[in-house]
Amino acid sequence: MASNNSLTVVFFYYFLPQDMKMTKPEFDDFKLHIYRGYVQNNYILEYDNGLLLIDGASRPDVKGIEDFVVKKLNRKIEDIKLIAVTHCHPDHAGAVNILRSRHGIPVAAPHDIDSWYSGFGGAIQHVADTLQSRFMAVKLKAKHRFLYYSRKVKPDFKLFNGSELPVFSDWRSLHAPGHTLHNMLLYNGKNRIIYVADTVIEHRGKYLPPVPVLFPCCMKKTLLMVKELQPEYILLAHGHEGLMKYNDAMIDEVIRVIEKGVPRYARFFYLISKFSGEYRRNRHELCEDIPVESSYNNS
Ligand SMILES: [Fe+2]
């Protein structure tokens, strides 16, 4: 008998627009595997010369990722040649330090990722974000697991806007501020596929921004950048489908929600998302010189 979860997936898939339903595509150079993590999706890309793990998962995913690689892919865990991390949150960087120390896997991450949780305010923010991840796990009815992780990623490879990923040079990191200041997206131009991390969230067929969007103007600019790239496929960190056909309507929907302002249910999480010194130092000046609003309205 199908579980409640499978029935829910089938239900929402049935109501997806026709152009978003698809058979699993084949990509040049790699095979794409989706790992359903604790509260997020991760992607393991299988190349001839090794595996690329897209995003650093949650702490409870360490064992699951090890099992997935060894038992499902029939590969050695050391075949993971790189973990590409997009930002410092518990569901994107929580497993990184354990995987690196156990298996010597190098980590590529935004060059300034460790600034967000630095100092006293950063330490409080780290705890607050970990609690927020706990709340998300409760909402998703995930089992209670220990989520706390080291707040410093200490990347072996520092990513800037446009950096090629080490080993997997067909992927580039794109600076994508909005959710935090340092967020990156990962884009493969050859296959026109983009991993958007938390920039677009899919929930019950709707496309939403993450909680919080601390820099709304930057976030809209980031979303318009995705629209300009016109990828063919989009990989979501949060959503039933994970891999989807890209559609401009997704981006427009997220921007519309951002423009409505912070929803009542999310206000508490915005309140506890403003301890980082990086946020307090940059919250005003960043929004002023980015004329995103007008370019969106004219499009
Ligand atoms: Fe996040």
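The values are calculated or read from the model by the stated rules, or taken from the named source; none is laboratory data. None of these values were measured; they are calculated from a predicted model. We place every Cβ from the backbone using ideal geometry, glycine too, and count neighbours over all the protein chains shown.
Quick rundown of the values:
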item: Odd one out for His144 among (1) of a type outside the set (D, E, K, R); (2) more than 16 Å from the ligand (Cβ to nearest atom); (3) surrounded by 18 or more Cβ atoms within 10 Å (Cβ to Cβ); result: (3)
item: Elements of type helices (runs of 4 or more DSSP H) contained in region 57-126, each with 2 or more residues being within 16 Å of the ligand (Cβ to nearest atom) and under 28 Å from Leu271 (Cβ atoms); result: 90-93
item: Residue in region 95-102 that is touching a Phe, Trp or Tyr at 6+ places or on another chain (Cβ under 6 Å) and either over 19 Å from Gln132 (Cα atoms) or at pLDDT below 95 (or both) present; result: no
item: Residue ID - surrounded by the fewest Cβ atoms within 10 Å (Cβ to Cβ), chosen from residues in region 28-55 that are of a type in the set (Asp, Glu), in contact (Cβ under 8 Å) with a residue 24 or more places away in the chain and more than 20 Å from Pro110 (Cα to Cα); result: Asp28
item: Test result for Leu181, out of contact with any Lys or Arg (no Cβ under 9 Å at 6 or more places or on another chain), within 16 Å of the ligand (Cβ to nearest atom) and either on the phi > 0 side of the Ramachandran plot or not in a helix (DSSP H, G or I) (or both); result: yes
item: Identity of the residue in region 127-178, among the small types (Gly, Ala, Ser) and in a loop (DSSP other than H, G, I, E, B), that ends up nearest to Tyr43 (Cα to Cα); result: Ser169
item: Residues (closer than 19 Å to Asp198 by Cα, touching a residue at least 40 places away in the same chain (Cβ under 8 Å) and buried (at least 18 other Cβ atoms within 10 Å of the Cβ)) located in region 118-129; result: Gln125, Asp129
item: Pair list, Cβ < 6 Å and 6+ apart or interchain, from region 188-206 residues that are on the phi > 0 side of the Ramachandran plot to residues that are at pLDDT below 95 and within 16 Å of the ligand (Cβ to nearest atom); result: none
item: Any chance Ser115 is surrounded by 14 or more Cβ atoms within 10 Å (Cβ to Cβ), closer than 23 Å to Leu181 by Cα, of a type in the set (Gly, Ala, Ser) and touching a Pro at 6+ places or on another chain (Cβ under 6 Å); result: no
item: Of all residues in region 188-199 being within 15 Å of the ligand (Cβ to nearest atom) and in contact with a Pro (Cβ under 8 Å, 6 or more places away or on another chain), the one that is farthest from Ile54 (Cα to Cα); result: Thr199
item: Any chance Glu164 is more than 13 Å from the ligand (Cβ to nearest atom), closer than 27 Å to Tyr279 by Cβ and of a type in the set (D, E, K, R); result: no
item: Lone unmet requirement of (1) surrounded by fewer than 24 Cβ atoms within 10 Å (Cβ to Cβ); (2) touching a residue at least 60 places away in the same chain (Cβ under 8 Å); (3) among the β-branched types (Val, Ile, Thr); (4) more than 26 Å from Glu66 (Cβ to Cβ) for Thr180; result: (1)
item: Pro216 surrounded by 14 or more Cβ atoms within 10 Å (Cβ to Cβ), within 16 Å of the ligand (Cβ to nearest atom) and over 18 Å from His92 (Cβ atoms); result: yes
item: Residue match in region 185-208 (condition: over 29 Å from Pro166 (Cα atoms), touching a Ser or Thr at 6+ places or on another chain (Cβ under 8 Å) and buried (at least 19 other Cβ atoms within 10 Å of the Cβ)); result: no
item: Residues (surrounded by fewer than 16 Cβ atoms within 10 Å (Cβ to Cβ) and either among the polar types (S, T, N, Q) or within 11 Å of Thr199 (Cα to Cα) (or both)) located in region 219-261; result: Gln230, Asn247
